[in-house]
Amino acid sequence: MGIEIIPKELRNRYELHEWKHSCAILKNDFPSEWNDLIDLLSGFRLCKSWIEVGGGSKSNISNQIDSFLYKRGWQEKEFTTMVKVDEHEMDSPTHKIDCYKNRIALEIEWNNKDPFFDRDLNNFRLLFDLRAISVGIIITRSDHLQDIFNNIGRGSSFGASTTHMSKLIPRIEGGGGAGCPILAIGITKDLYIENC
């Protein structure tokens, strides 16, 4: 079981990549979180008005995804981790996970600088090794959305050094997430709506 267990209509609308059987683990071991993810992807659309809004705080895209999942019991989560050698303890904090529920961690990287992927993957690796998460999910944008950004005059805001799929895949394939099962989800042109 791999990507093919995701419903075909979603495989046609999203760019999907998985490592270390993430889909099978999600569907079989975490059915509630799997259903949340499938429902999220089924209902999500990319509104032109969200792209036209300038930068600043959290994007409308991230807000839509977060709010959907928070209503289903997901939460922003920071883990308290430390290293202990004999009686000497040293804090080893992780960054907050955007959305977390029952050992599933989901990060949204819509238009950050691409080193944020390194941070996310390192976090997934560490938390997986510590047995705090079982699967890491990253939602980002597919490269071909750049054509839409260019057409509506926002291309310079979504540059080559920001988060998109071709910046993520080499990092995962290069072992950035180590043993953590990962599902990478790319938002595509097929989700774009002009009049919203």
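Of note:
- Taking every alpha-carbon pair within the chain, the share separated by more than 19 Å comes to 60 percent.
- Put simply, the amide H of Leu16, placed in the peptide plane, has neighbours under 5 Å in Gly186, leaving out anything fewer than 5 places away on its chain.
- Reachable aspartates and glutamates, given that their alpha-carbon falls under 14 Å from the alpha-carbon of Lys48 and they are not under 8 places away in the same chain: Asp147, Asp190, Glu194
- All lysines inside 28 Å of Lys84 as judged from Cα atoms, apart from same-chain residues fewer than 8 positions distant: Lys96, Lys101
- Within the listed set Glu78, Glu89, Glu173, the Gaussian network model of the chain (springs between alpha-carbon atoms below 10 Å) gives the highest mean-square fluctuation for Glu89.
- Charge dipole magnitude, Cβ of K and R +1, D and E -1 - region 20-165, Cα centre, debye nearest 20: 480 debye
- Note on region 71-183: dipole from Cβ charges, positive end direction compared against Ile97, Trp110, Asn151; the farthest Cα belongs to Asn151.
- For region 97-165 and region 1-34, distance of Cα centres in Å: 17 Å
- Remark: the Ser156-Asn12 segment gains 49.1 nm on full extension, using 0.36 nm per residue and subtracting the alpha carbon distance.
- Cβ-Cβ distance of Asp129 and Asn35, R₀ of 25 Å, FRET efficiency by 1/(1 + (r/R0)^6): the value works out to about 0.35.
- Estimated D of region 66-120 in µm² per second, where Rh is the Kirkwood radius over Cα pairs and Stokes-Einstein applies at 4 °C, 1.567 mPa s: 99 µm²/s
- Across all directions, the shadow cast by the convex hull of region 95-194 built on its C-alpha atoms averages 6.5 square nanometres.
- Reachable lysines from Lys167, criterion Cα separation under 16 angstrom, eight or more residues apart if same chain: Lys113
- The gain in end-to-end length when the Val53 to Asp143 segment is fully stretched comes to 30.4 nm, 0.36 nm per residue minus the alpha carbon separation.
- Applying 1/(1 + (r/R0)^6) with r as the Cβ-Cβ distance of Tyr70 and His21 and R0 = 45 angstrom yields a FRET efficiency of 0.95.
- With eigenvalues of the C-alpha gyration tensor scaled by 5 and rooted, region 151-196, Å: 28, 15, 6
- Helix-only mean residue ellipticity at 222 nm for the chain, each DSSP H run of n ≥ 4 adding -39500 (n - 2.57), per residue, nearest 500: -10500 deg cm²/dmol
- Taking one quarter of the surface of the convex hull spanned by the alpha-carbon atoms of region 1-103 gives a direction-averaged projected area of 9.4 nm².
The numbers here are math on the coordinates, done by the rules we state, and not lab data. Being a predicted model, the structure only gives us computed values, none of them experimental. When we count neighbours, we look across all protein chains shown, and the Cβ atoms used for this are built from the backbone with ideal geometry, even at glycine.
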